[in-house]
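Have a look at the structure below before the remarks.
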Amino acid sequence: MLYIDPEECIDCDACEVERPVDAIFYEEDVPEAWKEFVLLNREMAATCPPIFDWKEPFARRDANS
Ligand code: SF4
């Protein structure tokens, strides 16, 4: 699981266009059904170590699988 630190995010939009699925939204655009995850993301981002090194991306799942 990856969390985005809302205090560090500069809303550059780079991750939103690269997302493999609809997993990242601007906070104001989060669908109503997923709004509870906004607070969870904030809480978990504060407890997880930041990633500073480039990593191989996970393989993308087939949209039909
Ligand atoms: S890439 Fe995504 S998480 Fe990182 S600063 Fe830009 S919008 Fe925020």
Positions within the range 9-24 being more than 21 Å from K35 (Cβ to Cβ) and in a loop (DSSP other than H, G, I, E, B), in sequence order: I10, C12, P20
Scan of the range 1-19 for residues that are touching a residue at least 12 places away in the same chain (Cβ under 8 Å) and within 6 Å of the ligand (Cβ to nearest atom), ordered by number: I4, D11
Hits in the range 25-50 (condition: part of a loop (DSSP other than H, G, I, E, B), at pLDDT 90 or above and within 14 Å of the ligand (Cβ to nearest atom)): V30, C48, P50
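The values are calculated or read from the model by the stated rules, or taken from the named source; none is laboratory data. Because the structure is predicted, anything quoted here is derived from the model rather than measured. Cβ: placed from backbone, ideal geometry, glycine included. Neighbour counts: every protein chain shown.
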